[in-house]
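Let me begin by presenting the structure, written as structure tokens, before commenting on it.
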Amino acid sequence: MNEAITFLDRIIPEFRRHIANSPGLREKLLKELAAFVAFFKHHIRAFRDGIFDTIRQQINGDAPLVLNQCINLIIELRLCLREEFKPYLPSLLPLLVGTLRSD
């Protein structure tokens, strides 16, 4: 695992780029990113702002399966970041409530 950690700075941005540019793969990539976060736990902290940006960009889409994976990713980030998660709530909650209103 230690060797893999050194490559996170290359892997996480690629995940984010492919999520943004590959609509057909978005659900799967978000699921894989959530698994990645669960595996690497606190090593993800350096990439949290970018990951939350990706969530904010994808959560307003009209694909329920993508929304489900965004929520799963949020859960994994909450477990990983613990108290460091709180500052992200003000930007996430309105988006989540907005998805409820659109249904």
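For Rg/Rh (Cα atoms, Kirkwood Rh), pick the label among (i) 0.99; (ii) 1.04; (iii) 0.96 that corresponds to the value derived from the coordinates. From the options (i) 0.99; (ii) 1.04; (iii) 0.96, the structure gives (iii).
Net charge dipole, the chain: roughly 100 debye, given to the nearest 20, about the Cα centre with Cβ charges of +1 for Lys and Arg and -1 for Asp and Glu. A straight Cα-to-Cα reach below 12 Å connects residue 31 with the aspartates and glutamates 76, residues fewer than 8 places away in its own chain not being considered.
Approximating the spin labels as points 7 Å out from Cα along Cα→Cβ, the residue 49-to-residue 95 distance works out to 1.6 nm. Helix 26-40 and the long axis of the chain differ in direction by around 40°, with both axes built from C-alpha atoms. Residue ranges 27-40, 80-93, 59-72 sort as 27-40, 59-72, 80-93 when ordered by packing (mean number of other C-beta atoms within 10 Å per residue, highest first). Split the accessible area of segment 1-74 by element, probe 1.4 Å, and carbon with sulfur accounts for 56%. Taking a sphere under 14 Å around the Cβ of residue 42 and counting the other residues whose Cβ falls inside, with K and R at +1 and D and E at -1, yields a net charge of +2. Angle of helix 8-21 to the longest C-alpha principal axis of the chain, folded into 0 to 90 degrees and rounded to 10: 30°.
Mind checking the angle between helix 64-81 and the chain's longest principal axis? C-alpha axes, 0 to 90 degrees, to the nearest 10. On a 0 to 90 degree scale, this one is about 50.
With a 1.4 Å probe and all protein chains left in place, how much accessible area per residue does the chain have, in Å²?
Numbers: 6380 Å² over 103 residues.
With the other protein chains kept in place, the chain gives 62 Å² per residue.
Extension gain, residue 56-residue 41: 0.36 nm per intervening residue step, less the Cα-Cα distance, totals 3.3 nm. Using the Cβ-Cβ distance between residue 79 and residue 10 with R0 set to 41 Å, the FRET efficiency works out to roughly 0.95.
The values are calculated or read from the model by the stated rules, or taken from the named source; none is laboratory data. Please read all numbers here as calculations on a predicted model, not as lab measurements. Cβ atoms come from the backbone with ideal geometry, glycine included; neighbour counts cover every protein chain shown. Side chains included, ligands, DNA and RNA excluded: accessible areas come from the protein's heavy atoms. Shrake-Rupley method; radii C 1.70, N 1.55, O 1.52, S 1.80 Å.
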